[in-house]
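Novice: Below is a structure I'd like to ask you about.
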Amino acid sequence: MDLSFTPEQETFREEVRAFIQEAMPPHIREKAEKSGQFTMDEIMEWHRILYKKGWVAPHWPKEYGGAGFDAAQRFIFTEEMALAGAPGLSPFGLSMVGPLIMHFGTPAQKERFLPKILSGEEVWCQGYSEPNAGSDLASLKCKAEDKGDHFVVNGQKTWTTYGQYADWIFCLVRTDSSGKKQEGISFLLIDMKTPGVKVVPMLTIGGTPAFCDTYFEDVEVPKENLLGPQNGGWTLAKALLGHERTMIGGTGPLLRSLNNLKRIAAECPDGQGQTLADDPSWRRRAAALEMRYRAHEMVVLKQIAEQQAGRQPGPEASIMKIVGTTLGQQIDELTMDTMGLNSLNWFNDPPAVPPLQEWVGSNFCYNRATTIFGGSNEIQRNIMAKMLLGLPTLKFQAS
Amino acid sequence: MDLQYTEEQLMLRNTVADFVSRESPISRARKLHEDETGWEAAVWKQMGELGWLAFPFAESLGGFGGQFVDAAIIVEELGKALVPEPFVASIVTAGQALALAGNEQQQQNWLAPVLAGEATLAFAASEADNRYHIAERAGTTLDANGNGYILTGEKVWVDNGQAADTLLVTASGPDGLTLVAVEADRDGVERRTVKTIDGRRAAIIRFNGTPISADHIVGNPGDDTVALVDRVRDLGAAAACAEAVGVSQVAFDMTVEYLKTRVQFDVPIGAFQALQHRAVDMFIENELLRAATLAAALRVDEDDVSERHMAVSAAKKQLAVGGKFVAYQAIQLHGGIGITEEHDIGLYLKRMQALGVLFGDEAWHEARYADEPAFQAR
Ligand SMILES: Cc1cc2nc3c(=O)[nH]c(=O)nc-3n(C[C@H](O)[C@H](O)[C@H](O)COP(=O)(O)OP(=O)(O)OC[C@H]3O[C@@H](n4cnc5c(N)ncnc54)[C@H](O)[C@@H]3O)c2cc1C
């Protein structure tokens, strides 16, 4: 075992850094250095830049057009992107449905969908949750009727992140209501332009329309868009949740917010002639978070190594989700505290705080969601108690 | 010792609660998010007519001779529905500063109209550079100029600064820290309204060499004013805690109700023990906040500065720990719906967050507490 990077890996780091330096357009760089907040257009612009370089999917195998990085390279890549404040790419195609299509898709499906996910030509969103099926996902009601060569979909999905920008949605739908809830679910790929699909954006407590209600009224979906077996969608859903957990618990955004925290502290007066960064008690609070980050980072590295060795994420992935999300929220909380009265700011309307501080309040609010989505942290604990610790369940206890 | 509310106090609580549910349900606070003033003169006037604005002032000032505890009752009830009228800025901080240190003429000019619900005040002490050390540091200057003075500097995030008729401004003057009353519509006063995280408004206020006459200086500059501002800061912090008690109580109540009604896995989610325990922890934190706040409310009127500091700081710390825990968990247990702007629970999170930084945050109060000789005594 060896924790330090090899000379080749350090060379790779240099290569990534040089690429970012050279390829990042000035208007994106400016935001990367300040607010760290990007529009969908800017995110897709960066997506295409990475695509051209062949780096848009570091975790995809080469045969599908991925970068084919090994575990260490992927880690270095993520770290450098975070340090540069580069836009985070939309995960729904690249990290969610893409890998599922590789695993469960027919050759025709792979050929139809994967290249356009890579190129960014088609943007995806996730249609799992419904108003009455959140944690209890298997109770979903959105119905797909089998009409021979196609399905007809009726129902509602909700909290669909960035549904308003998506070309395609991957959905869990009910294709059978006769038996066990889990056994009548199928996984459908639906073109958002199909007649009968309606998307209604909603504001989050972060003040931005980050998710939507998505309605389906007599939406015709060809059979070739069924991923995996009919009524076998639950297996795919579970496979995806594993990926989602590791993704949400990832280190990139945490590293970035720790950096921001320090940069903000250096510009916040402590009220006694210095900045907060000079205040030993502030430094201890920040150090405590960074120390926890280090432990988390090591868990993530081990997890990447597991995947590298060809093993699917197991219940251990829940550790990443729980630790990553709560740590992220604690960093947000300390950043707000650090800003003092500037933390009262809401979208700098009109300008009252430095650019670096502009989005902190909004993110602090929105990021309360990280412990809710992708399987809430309570559900993660249920999974771990059962699958990892093998604790007994009472009859009335669900999931 | 007597920890029972009096008949009058219980009645006051009921009157305020009735008024709030009738006149200012949460939907009103939400509507006012779009308003540039952030509150309504007509409602302020009503509060004046109901006598609430006079409660904590001595009878000689036209008040009812009440204590801070009475003000805290009002603030807590207003907090439950996030009522945005500037009670704390006008009555608790700037109002008490005038009551404690102003002369008769000053009280007549600037305080009397407030008690009647015809004017409001703001306490302008925070600057970009002084953080929470408002009694210890003022970059704003008051310089002698002929018979009077001129005031120069900038105050930030002034609560009700956008609307107040009169501002009480701290400045470094020839004799040390000085409190100055400034009519807000004066030349040389530049106000910029800013939106805050809780949907309210505040102001960044610049004084560009604003002329100040000697009769606008409130109290004795120097040590007396340092002590006064320190006291006002404690009053403000104790009021923030009182409001947080209301905010936390409603967030808790809404959550327990939701646990009883939201069904997942074929049962109300409140049936899951993990969530039962969480709800009980919320209940505990809420009760601790209520208790610590009552101690602060009782001590804040006392002359023993050390006892006052410690009680107020302990309450403000509990706001940051327990009050925020309740707010965070309220969102968490609401799941996705708690993240929608449309649902009210998010408004309580945001108000709690704002209350956390008013008049000293967790770290500031912890440090002050640790520095108290009474704490260090063995
Ligand atoms: C910002 C945001 C973006 C989202 N994006 C998407 C998206 O793109 N696509 C999509 O399909 N969905 C999305 N979601 C939905 C998300 O997956 C759900 O919110 C989540 O699964 C929780 O479901 P719920 O909101 O119905 O809460 P509920 O399931 O009603 O849960 C409420 C509370 O009860 C707890 N709880 C429930 N069951 C148990 C139990 N058995 N034991 C202990 N505690 C329990 C939960 O942890 C939670 O705290 C998003 C949500 C948010 C907030």
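Novice: For the stretch A:282-375, which trypsin sites (Lys or Arg not before Pro) are both in a DSSP coil and crowded by at most 13 other Cβ atoms within 10 Å?
Specialist: Taking the stretch A:282-375 and a limit of 13 other Cβ atoms within 10 Å, the loop trypsin sites (Lys or Arg not before Pro) found are A:Arg311.
Novice: To the nearest Å, what is the center-to-center distance of the stretch B:126-180 and the stretch B:188-255, using C-alpha atoms only?
Specialist: Result: 12 Å between the Cα centres.
Novice: Using the Karplus curve 6.51 cos²θ - 1.76 cosθ + 1.60 with θ = phi - 60°, what ³J(HN,Hα) values do you get for each residue of the stretch B:13-19, in whole Hz, with x for Gly and Pro?
Specialist: With the stated coefficients, the stretch B:13-19 comes to 4, 5, 4, 5, 4, 4, 4 Hz.
Novice: Under the Karplus relation 6.51 cos²θ - 1.76 cosθ + 1.60, θ = phi - 60°, what is the ordered set of whole-Hz ³J(HN,Hα) values for the stretch B:346-361, x standing for Gly and Pro?
Specialist: x, 5, 6, 4, 5, 5, 4, 4, 5, 4, x, 9, 6, 6, x, 8
Novice: Which of B:Asn14, A:Pro26, B:Asn130 sits closest to the plus end of the dipole of the protein assembly as shown, meaning its Cα is farthest towards the positive end, when Lys and Arg get +1 and Asp and Glu get -1 on the C-beta?
Specialist: A:Pro26
Novice: Follow-up question, since we're still on this one. Report, as a whole number in µm² per second, the diffusion coefficient that Stokes-Einstein gives for the stretch A:128-199 at 4 °C and 1.567 mPa s using the Kirkwood radius over alpha carbon pairs.
Specialist: Approximately 102 µm²/s, per Stokes-Einstein.
Novice: Okay, moving on. Once label points are set 7 Å from the Cα along Cα→Cβ at both B:Thr261 and B:Leu50, what is their separation, rounded to one decimal in nm?
Specialist: According to this spin-label approximation, the distance is 2.6 nm.
Novice: Among rounded, prolate and oblate, which fits the stretch B:121-178 when a ≥ b ≥ c are the square roots of the eigenvalues of its C-alpha gyration tensor, a/c under 1.5 means rounded, and a/b larger than b/c means prolate?
Specialist: Here the stretch B:121-178 falls in the oblate category.
Novice: Taking the Cα atoms only, what angle lies between the long axis of helix A:7-23 and the longest principal axis of chain A, rounded to 10 degrees?
Specialist: In chain A, helix A:7-23 runs at an angle near 90 degrees to the longest axis.
Novice: Quick check on the stretch A:7-89: what are the equivalent-ellipsoid semi-axes from the Cα gyration tensor, as sqrt(5λ), descending, whole Å?
Specialist: After diagonalising the Cα gyration tensor, the semi-axes are 21, 15, 10 Å.
Novice: Rounding to the nearest 20 debye, state how big the charge dipole of the stretch B:123-220 is about its Cα centre with +1 on each Lys and Arg Cβ and -1 on each Asp and Glu Cβ.
Specialist: 400
Novice: FRET efficiency for A:His103 and B:His33, Cβ-Cβ distance as r, R0 = 35 Å, nearest 0.05?
Specialist: Computed FRET efficiency for A:His103 and B:His33 comes out at 0.15.
Novice: Please sort by residue number the chymotrypsin sites (Phe, Trp or Tyr not before Pro) in the stretch A:1-52 whose DSSP state is loop and whose Cβ has at most 15 other Cβ atoms within 10 Å.
Specialist: Those satisfying the criteria are A:Phe5.
Novice: Taking the 0 to 90 degree range and rounding to the nearest ten, how far is the long axis of helix A:71-84 tilted relative to the main principal axis of chain A, both from C-alpha atoms?
Specialist: The helix A:71-84 is inclined about 60 degrees to chain A.
Novice: Return one whole number: the accessible area per residue of the protein assembly as shown in Å², for a 1.4 Å probe.
Specialist: Value for the protein assembly as shown: 42 Å² per residue.
Novice: Okay, moving on. Please check which bits of the stretch A:217-253 a label hung off A:Asp176 would reach, taking the label as a point 7 Å along Cα-to-C-beta and the cut-off as backbone N under 13 Å.
Specialist: Residues A:229-235 qualify, since their backbone N sits under 13 Å from the label point.
Novice: If amide hydrogens are placed 1.01 Å from N in the peptide plane, which non-local residues have theirs closer than 5 Å to the one on A:Phe151?
Specialist: HN-HN under 5 Å from A:Phe151: A:Val221, A:Lys223.
Novice: Please tell me the relative contact order of the stretch B:123-220 in percent, rounded to the nearest whole number, where contacts are Cα pairs under 8 Å and at least six residues apart.
Specialist: 31
Novice: How many angstrom lie between the C-alpha centres of the stretch A:152-174 and the stretch A:249-296?
Specialist: After rounding, the separation between the Cα centres reads 39 Å.
Novice: Once the convex hull of the alpha carbons of chain A is built, what does its volume come to per residue, in cubic angstrom?
Specialist: Looking at chain A, the number lands at 161 Å³ per residue.
Novice: Taking H placed 1.01 Å from N in the peptide plane, check which residues at least 5 places from B:Gly173 or on another chain put their amide H under 5 Å from its amide H.
Specialist: Amide H neighbours of B:Gly173, under 5 Å, 5+ apart: B:Leu142, B:Thr178.
Novice: How far, in nm, would the chain grow between B:His343 and B:Arg13 when pulled straight, counting 0.36 nm per residue and subtracting the alpha carbon separation?
Specialist: That works out to 116.1 nm of additional length.
Novice: Which ³J(HN,Hα) values in Hz, rounded to whole numbers, follow from the phi angles of the stretch B:29-34 under the Karplus curve 6.51 cos²θ - 1.76 cosθ + 1.60, where θ = phi - 60° and Gly and Pro get x?
Specialist: 4, 4, 4, 6, 4, 8
Novice: Now for a different question. Have a look at A:Met192, A:Met81, A:Met291 and tell me which one the Gaussian network model of chain A (Cα, springs below 10 Å) gives the largest fluctuation.
Specialist: Ranking A:Met192, A:Met81, A:Met291 by mean-square fluctuation puts A:Met291 first.
Novice: Counting only protein heavy atoms and a 1.4 Å probe, tell me what percentage of chain B's accessible area is made up of carbon and sulfur.
Specialist: Solvent-exposed carbon and sulfur of chain B make up 51 percent of the total.
Novice: Select from B:Glu85, B:Glu77, B:Glu307 the residue whose mean-square fluctuation is largest in a Gaussian network model of chain B (Cα-Cα springs shorter than 10 Å).
Specialist: B:Glu307
Novice: In straight Cα distance, which lysines are under 27 Å from B:Lys31, not counting same-chain residues fewer than 8 positions off?
Specialist: Those lysines meeting the cut-off are B:Lys45, B:Lys80, B:Lys195, B:Lys324, B:Lys350.
Novice: Write down the Å³ per residue value for the convex hull defined by the alpha carbon atoms of the stretch A:267-311.
Specialist: 67
Novice: Okay, next question. Where Lys and Arg each count +1 and Asp and Glu each count -1, what net charge lies around A:Val219 among other residues with Cβ under 11 Å from its Cβ?
Specialist: Around A:Val219, the charge tally is -2.
Novice: Would you be so kind as to identify which of B:Leu333, B:Leu289, A:Phe92 lies farthest towards the positive end of the dipole of the protein assembly as shown, taking Lys and Arg as +1 and Asp and Glu as -1 on Cβ and the Cα centre as origin?
Specialist: A:Phe92
Novice: Something else about it: With an 8 Å Cα cut-off and a minimum separation of 6 or more residues, compute the relative contact order for the stretch B:99-169 in percent.
Specialist: 37
Novice: OK, next. Only four residue types carry charge here, +1 at the Cβ of Lys and Arg and -1 at the Cβ of Asp and Glu. Report the dipole size of the stretch A:335-399 about the Cα centre in Debye, rounded to the nearest 20.
Specialist: Value, rounded to 20: 520 debye.
Novice: How are the Cα pair distances of chain B distributed, in percent, across 10 Å bins from 0?
Specialist: Reading upward from the zero bin: 5, 24, 33, 24, 10, 3, 1, 0.
Novice: With no solvent and one point per C-alpha, what does the Debye sum give as log10 I(q)/I(0) for the stretch B:240-378 at q = 0.13, 0.18, 0.19 Å⁻¹?
Specialist: -0.59, -0.93, -1.00
Novice: May I pose another question? Rounded to whole Å and sorted largest first, list the principal axis extents of the Cα atoms in the protein assembly as shown.
Specialist: Computed over the protein assembly as shown, the largest-to-smallest principal extents equal 89, 58, 56 Å.
Novice: With an 8 Å Cα cut-off and a minimum separation of 6 or more residues, compute the relative contact order for the stretch A:7-89 in percent.
Specialist: Rounded, it is 37 percent for the stretch A:7-89.
Novice: Additional query: Report the trypsin sites (Lys or Arg not before Pro) located in the stretch A:154-189 that are in a DSSP loop and have at most 12 other Cβ atoms inside 10 Å of their Cβ, or state none.
Specialist: Those satisfying the criteria are A:Lys180.
Novice: Quick one: angle between helix B:362-371 and the longest Cα principal axis of chain B, in degrees between 0 and 90, rounded to 10, please.
Specialist: Around 60 degrees separate the two axes.
Novice: Once amide H atoms are placed 1.01 Å from N in the peptide plane, what residues at a sequence separation of 5 or more from A:Cys212, or on another chain, have their amide H within under 5 Å of its amide H?
Specialist: Result for A:Cys212 returns A:Trp159, A:Thr160, A:Thr161, A:Tyr162, A:Gly163, A:Met202.
Novice: Suppose each label sits 7 Å from its Cα in the direction of the beta carbon; what would the B:Arg192-B:Ala370 distance come out to in nanometres?
Specialist: 3.5
Novice: Given N residues in the stretch B:7-120, what is Rg(Cα) / (2.2 N^0.38 Å)?
Specialist: In units of the globular-protein estimate, the stretch B:7-120 measures up at 1.04.
Novice: While we're on this one: Can you work out D for the stretch A:1-140 in µm² s⁻¹ from Stokes-Einstein, where Rh is the Kirkwood radius over C-alpha pairs, the temperature is 20 °C and the viscosity is 1.002 mPa s?
Specialist: Taking Rh from Cα pairs, D becomes 128 µm²/s.
Novice: Just how large is the dipole of the stretch B:7-120 about the Cα centre, in debye to the nearest 20, putting +1 at every Lys and Arg Cβ and -1 at every Asp and Glu Cβ?
Specialist: 240
Novice: Let me ask you something else. Just the C-alpha atoms of the stretch B:93-193: what Rg/Rh do they give, with Rh taken as the Kirkwood radius?
Specialist: On the Cα set of the stretch B:93-193, Rg over Rh gives 0.94.
Novice: For the stretch A:249-387, what is the largest minus smallest coordinate of the Cα atoms on each principal axis, given in angstrom and ordered from greatest to least?
Specialist: 53, 29, 24
Novice: First measure r as the distance between the Cβ atoms of B:Ala291 and A:Gln312, then evaluate 1/(1 + (r/R0)^6) with R0 = 51 Å and state the FRET efficiency to the nearest 0.05.
Specialist: The value I calculate is 0.55.
Novice: Which of A:Val173, A:Val123, A:Val152 ends up with the largest GNM mean-square fluctuation for chain A, with Cα atoms connected below 10 Å?
Specialist: In this elastic network of chain A, the residue with the biggest mean-square fluctuation among A:Val173, A:Val123, A:Val152 is A:Val152.
Novice: What nm distance separates the two modelled labels at B:Asp2 and A:Lys147, each placed 7 Å from Cα along Cα→Cβ?
Specialist: Each label point is offset 7 Å from its Cα along the Cβ direction, giving 7.8 nm.
Novice: Ok, one more. Can you give the percent of C-alpha pairs in the stretch A:211-327 whose distance is more than 17 Å?
Specialist: Result for the distance tail: 69 percent.
The values are calculated or read from the model by the stated rules, or taken from the named source; none is laboratory data. In this text the structure is predicted, and so the values were computed from the model without any measurement. Reconstructed Cβ throughout: ideal geometry from the backbone, glycine too, with neighbour counts over all protein chains shown. We work out accessible area using only protein heavy atoms, side chains counted, and drop any ligands, DNA or RNA first. Shrake-Rupley method; radii C 1.70, N 1.55, O 1.52, S 1.80 Å.
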